[in-house]
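The block underneath contains the structure these notes are about, expressed in structure tokens.
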Amino acid sequence: MSNQRTVAVLGASSGIGAALAKALIADGYRLFVGARRADRLAALTADGAAADYATVDVSDEAEVRAFFTKVAASFGHLDALVVCTGSYGPIGPFHTIEPEQWWAAVRGNLFGACLAVHCAVPLMRAERRPRIITFSGGGAFAPLPRYSAYAVSKAGIVRFIETIAQELASLGIAVNGVAPGFVKTEIHEATLAAGPDAAGEAFYAMTRAKLAEGGVPVEVPVACVRFLLSPQADGLTGKTISASFDPWRAPEFAERIGEINASDLYTMQRINLVHLADGALKRALERAAGGTP
């Protein structure tokens, strides 16, 4: 078995996925990349020495299974899976959009990631410190009005990460998510096309402003994934890391991974009364619940 690390990257034809694939190839990883646009994948893997590719629609179970059959044939094993796929889906108030379009977006964003993980896990070997990384994003930790399919699917990704991280720990597989921040990619074209009436004036204006300013450099989430794939991140699992906000670059972060894992940091949590700052609201509800006289 080769010592070269093998990685499958889904959603590699554009945006963060394409930038990440190029960076990992430069780092010496052996890649198998997938997306729906064959021409872009072919250009990305043109020399054939560092990467292979296959087209895949992550919402189609047969295509996902066929993709990982090709990965197995090419690599024999898989050290890491990175899922960068995602779309906004229908934009507008939930009651005005077509339910089938809504479900198609959730299926692609959430079920697609689940399918990929399901197929990747049998190819992973505990002794090679395997990793699974999926991208979360806007709506995962706060409401995102008019983008409900996207928000629901990304929130689902976070809970999926946290759940399977516990299930896969016995297999030596670390599972984490990345919230990339507002990166200037093709996904935002959907907001511009929808317009302020469907997307909401505030979100539409914010999107236009950030696109003009440049947003978060794509190198930031790419660097975060590189960190999560590195030995520095050994032991970290079940967390969603904000690429542009959390202090993952600091030495103290890697030094305290055990404590981070044991805490609720970087997870999805319900806010209970015990978390609320002392004040009239907290005291009134504690009395109502019988917590204090």
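Taken together, the values in this text are just the output of simple stated rules run on the coordinates, not laboratory data. These figures come from a predicted structure and were not determined experimentally. Quick reminder, even Gly has a Cβ in these numbers, built from the backbone with ideal geometry, and neighbours come from all protein chains shown.
Worth pointing out:
- Long-range amide H partners of Asp52 with built H, under 5 Å: Leu31, Phe32, Val33
- The stretch 7-15 - phi-based ³J(HN,Hα) in whole Hz, Karplus 6.51/-1.76/1.60, Gly and Pro as x: 9, 9, 10, 9, x, 8, 7, 7, x
- For the stretch 6-288, the antiparallel share of DSSP beta bridges with both residues in that region comes to about 5%.
- Long pairs among Lys22/Lys210; Lys22/Lys70; Lys154/Lys184; Lys210/Lys239, criterion Cα-Cα beyond 22 Å: Lys22/Lys210; Lys210/Lys239
- Semi-axis lengths, Å, the stretch 99-177, gyration tensor of Cα atoms, sqrt of 5 times eigenvalues: 27, 13, 8
- Dimensions of the chain along the principal axes, based on C-alpha atoms and rounded to the nearest Å, stand at 69, 46, 36, largest first.
- Here the stretch 1-130 is treated with +1 on each Lys and Arg Cβ and -1 on each Asp and Glu Cβ, and its dipole about the Cα centre works out to around 380 debye.
- Amide hydrogen neighbours beyond the local backbone of Val183, cut-off 5 Å, H modeled: Val216
- Dipole moment magnitude, nearest 20 debye, the chain about Cα centre, only Lys, Arg, Asp, Glu C-beta charged: 240 debye
- Kirkwood hydrodynamic radius (C-alpha pairs) into Stokes-Einstein, the stretch 45-90, 20 °C and 1.002 mPa s, D in µm²/s: 174 µm²/s
- Residues considered: Ala280, Ala120, Ala142. Largest GNM mean-square fluctuation over the chain, using C-alpha springs under 10 Å, is found at Ala280.
- Between the stretch 52-84 and the stretch 236-293, the Cα center-to-center distance that results, in Å: 36 Å
- Value at 222 nm in deg cm²/dmol, rounded to 500, when DSSP H runs of n ≥ 4 in the chain each add -39,500 (n - 2.57): -13000 deg cm²/dmol
- Volume per residue of the C-alpha convex hull in the stretch 1-145, rounded to whole Å³: 115 Å³
- Most mobile of Asp47, Asp278, Asp197 in a GNM of the chain (Cα contacts under 10 Å): Asp278
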